[in-house]
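The structure under discussion appears below in the form of structure tokens.
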Amino acid sequence: MTGAGGKGKMMALFAPDYYTAFRCSASDCRHSCCKGWEIDIDPVSLERFKRLGIDCVSEEGTPHFILREGDICPHLQEDGLCALICAYGEDVLCDICRDHPRFRNFWTGAVEVGLGLSCEEAARLTLSRKEPLRLVYLGGCDESGLLLKASPGAERREERDADPSALPARLPEDEAWLWELRESMLKEAAMLEDPMAARLAEYLIFRHLADALYDGRLEGRLGFIRHSLKTVTGLWREQEDKSFEALCETARAWSERFEYDEEEKDRLIDSFEEG
């Protein structure tokens, strides 16, 4: 199957139309991503931390922050803010901290970026929408999905790339087939009577189906999507508190448990692939 394109190639970056509204809730977050997660440090950030004299870093195995008791990032302040951001600004962050809770889907010539439900603000944005998922063009990006500044010829590229529905015509046959399958599934999901269940179904399809391009586990991923939708909506029906906040928290907690535990997620996908 075809990958994300050659090194250095400009690609189109798409995202759900609510993506740009996302803002980290920082000290107001009840489930900080600075707690309970192992925080790996990429090589470029590691060198930057060394130059700045930033401590609490271990280089054993994959470089990472040495967490405090309770698996808390050593740079998380009592007010819920990041000491590194307060001292140096957001650009000082390592890749994983800067990027969370984003995920990416890679197609030939295009990248999609979305927001994972394990973040409570991302979950609120995703599940509160009344309209079906709609992709919008953010601009040109590099092969990693990093948005690039405008360059010569950008206006001509944007005119060509701005409509995501035109992308399948430019994709290899195996990718175009999967894209069309996903579009069909998204349309079906949008017709669910409960808008919140519809948004959850769209999210699961958008997040998990495209990776079948790279691992070949299409049936497993379809099974995982169906199982996850049934599980979360079942939990919603059973819980006493039906407020949006409570339902949203149920989805967030499920995501943290099953989407962000790679071993558990792979186990489930494999079980549906084999079954």
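The values are calculated or read from the model by the stated rules, or taken from the named source; none is laboratory data. Please read all numbers here as calculations on a predicted model, not as lab measurements. Every residue, glycine among them, receives a Cβ derived from its backbone with ideal geometry; neighbour counts consider all protein chains shown.
Results for (1) assigned by TED's automatic domain parsing to the domain that holds Tyr203; (2) touching a residue at least 60 places away in the same chain (Cβ under 8 Å); (3) not in a helix (DSSP H, G or I), shown as yes or no for each residue.
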{"site": "Gly70", "(1), (2), (3)": "no, no, yes"}
{"site": "Pro74", "(1), (2), (3)": "no, no, yes"}
{"site": "Gly80", "(1), (2), (3)": "no, no, yes"}
{"site": "Ile85", "(1), (2), (3)": "no, no, no"}
{"site": "Asn105", "(1), (2), (3)": "yes, yes, yes"}
{"site": "Val111", "(1), (2), (3)": "yes, yes, yes"}
{"site": "Gly114", "(1), (2), (3)": "yes, yes, yes"}
{"site": "Ser118", "(1), (2), (3)": "yes, yes, yes"}
{"site": "Ala122", "(1), (2), (3)": "yes, yes, no"}
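When the residues of region 206-256 are narrowed to those that are part of a loop (DSSP other than H, G, I, E, B) and charged (D, E, K, R), which ends up surrounded by the fewest Cβ atoms within 10 Å (Cβ to Cβ)?
Among residues in region 206-256 that are part of a loop (DSSP other than H, G, I, E, B) and charged (D, E, K, R), the one surrounded by the fewest Cβ atoms within 10 Å (Cβ to Cβ) is Glu240.
Collect the residues in region 166-196 that are small (Gly, Ala, Ser), surrounded by fewer than 18 Cβ atoms within 10 Å (Cβ to Cβ) and either under 21 Å from the mean Cα position of the chain (by Cα) or not assigned by TED's automatic domain parsing to the domain that holds Gly216 (or both), keeping them in residue-number order.
Ala190
Checking the condition surrounded by 15 or more Cβ atoms within 10 Å (Cβ to Cβ) and not acidic (Asp, Glu), which residue from Gly116, Gly61, Gly36 passes?
Gly116
Every residue in region 41-68 that is in contact with a helix residue (DSSP H, G or I) (Cβ under 9 Å, 6 or more places away or on another chain) and assigned to a loop (DSSP other than H, G, I, E, B), please.
Across region 41-68, the qualifying residues are Ile41, Asp42, Ile54, Asp55, Glu59, Pro63.
Please specify each residue of region 38-62 satisfying the condition of being of a type outside the set (A, V, I, L, M, F, W, C) and either on the phi > 0 side of the Ramachandran plot or touching a Ser or Thr at 6+ places or on another chain (Cβ under 6 Å) (or both).
Answer for region 38-62, where residues must be of a type outside the set (A, V, I, L, M, F, W, C) and either on the phi > 0 side of the Ramachandran plot or touching a Ser or Thr at 6+ places or on another chain (Cβ under 6 Å) (or both): Asp40, Gly53, Gly61.
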